[in-house]
1. Here's a check for you: in the stretch 175-198, which residue that is in contact (Cβ under 8 Å) with a residue 60 or more places away in the chain and over 15 Å from the mean Cα position of the chain (by Cα) is farthest from the ligand (Cβ to nearest atom)?
2. Got a number for residues in the stretch 156-194 being within 16 Å of residue 15 (Cβ to Cβ) and either buried (at least 20 other Cβ atoms within 10 Å of the Cβ) or touching a helix residue (DSSP H, G or I) at 6+ places or on another chain (Cβ under 7 Å) (or both)?
3. Report yes if some residue within the stretch 146-162 is in a loop (DSSP other than H, G, I, E, B), closer than 24 Å to residue 83 by Cα and of a type in the set (A, V, I, L, M); otherwise report no.
4. Just the residues that are assigned to a loop (DSSP other than H, G, I, E, B) and within 22 Å of residue 38 (Cβ to Cβ), please, taken from the stretch 191-226.
5. Starting from residues that are free of Cβ contacts under 8 Å to residues at least 60 places away in the same chain and part of a strand (DSSP E or B), keep the ones in the stretch 94-113 and report whichever is surrounded by the fewest Cβ atoms within 10 Å (Cβ to Cβ).
6. Could you grab the pairs with beta carbons closer than 9 Å, sequence gap of 6+ or different chains, first residue in the stretch 74-93 and among the β-branched types (Val, Ile, Thr), second one within 11 Å of the ligand (Cβ to nearest atom)?
7. Quick one: which of 70, 80, 45 is within 12 Å of the ligand (Cβ to nearest atom), assigned to a helix (DSSP H, G or I) and not hydrophobic (A, V, I, L, M, F, W, C)?
Amino acid sequence: MTDAPRLPRHIGIIMDGNGRWARQRGLPRTEGHRAGIQTIRPVMEAADAAGVHHLTLYAFSTENWSRPREEVAALMQLFEETLQREVDELHATGVRIRVIGRQDQLPNHLQTVVAAAEELTRDNTQGFLNVALNYGGRAEIIDAVRQLARAGVDLRTVDEATLEGALYTAGSPDPDLIVRTAGELRTSNFLIWQAAYAELHVTETLWPDFGGRDLEAALADYAARVRRFGGVPNPR
Ligand code: FPP
């Protein structure tokens, strides 16, 4: 009998390289973001086909506000349009959408679309799509501590399970695999608590060029890793 293929339950993706993709073509950066949006569906489909039902996409970090004002505005507009356009189909396929990050600092229009998407899909259980928007891992931990304090929890008793229960991702399994496109070897404040034991897969491919095949390559790379969780290698 052969081993079942080793599959992550949850994949986090740092979608990088939209700007470089655009520059290579002499296009404005926003066109790179537009092209990057087209990548999401095939990647979600490949993940689903492989049996991975939790995805978290890093769309906008708490640090990304320092980009040129026009680029930030264009990104916010794209997030809004994309969520609005895709929500019904995602709902029809049983996907629950969650936006993780400091939502209250997003433009009001976008907050409204986010709230509607989360509400519509809240009971879905076929797939789980977290979109990290105005997200920072450190901010998330601070928000969790503040939430516990507001709820009157005695902070002297806080343990890992209590803190995890107050993170934006409460209820999701930890990501087993973080994929980063466009070659940088950093995690950039992404899921820093949850990805403590995650395997990293970095590819030079720019996000708009990434596709189902690349996701399959990341899964094959993951399957070949020996995970230790600080102990001895797990038996095969
Ligand atoms: C990184 O490329 C990409 C972003 C900051 C934005 C990514 C967002 C999307 C692809 C859209 C996602 C939309 C939804 C609704 C999930 P970069 O601009 O940092 O590229 P560079 O490093 O080459 O300049």
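Any read-out appearing in this document is the output of simple, stated calculations on the displayed coordinates, not a laboratory observation. None of these values were measured; they are calculated from a predicted model. For neighbour counting, all protein chains shown are included, and Cβ atoms are generated from backbone atoms with ideal geometry for every residue, glycine included.
1. 183
2. Qualifying residue count for the region: 10.
3. Within the stretch 146-162, the first condition is being in a loop (DSSP other than H, G, I, E, B), and the residues that meet it are 151-154, 158-159.
Narrowing the set further to residues that are closer than 24 Å to residue 83 by Cα leaves none.
Within the stretch 146-162, none of the residues are in a loop (DSSP other than H, G, I, E, B), closer than 24 Å to residue 83 by Cα and of a type in the set (A, V, I, L, M).
4. From the stretch 191-226, those assigned to a loop (DSSP other than H, G, I, E, B) are 191-198, 203-206, 210-211, 224-226; that's our starting set.
Once the filter is applied, which keeps residues that are assigned to a loop (DSSP other than H, G, I, E, B) and within 22 Å of residue 38 (Cβ to Cβ), the stretch 191-226 yields 203, 204, 205, 206, 210, 211.
5. Within the stretch 94-113, the first condition is being free of Cβ contacts under 8 Å to residues at least 60 places away in the same chain, and the residues that meet it are 94-97, 99, 102-113.
Now narrow it down to the ones that are part of a strand (DSSP E or B): 95-97, 99.
Details: 95: 21, 96: 23, 97: 23, 99: 24.
Only one residue fits best here, namely 95.
6. 82/37; 82/40; 87/97; 87/113; 87/117
7. Working: 70 fails: within 12 Å of the ligand (Cβ to nearest atom); 45 fails: within 12 Å of the ligand (Cβ to nearest atom).
Only one candidate qualifies: 80.
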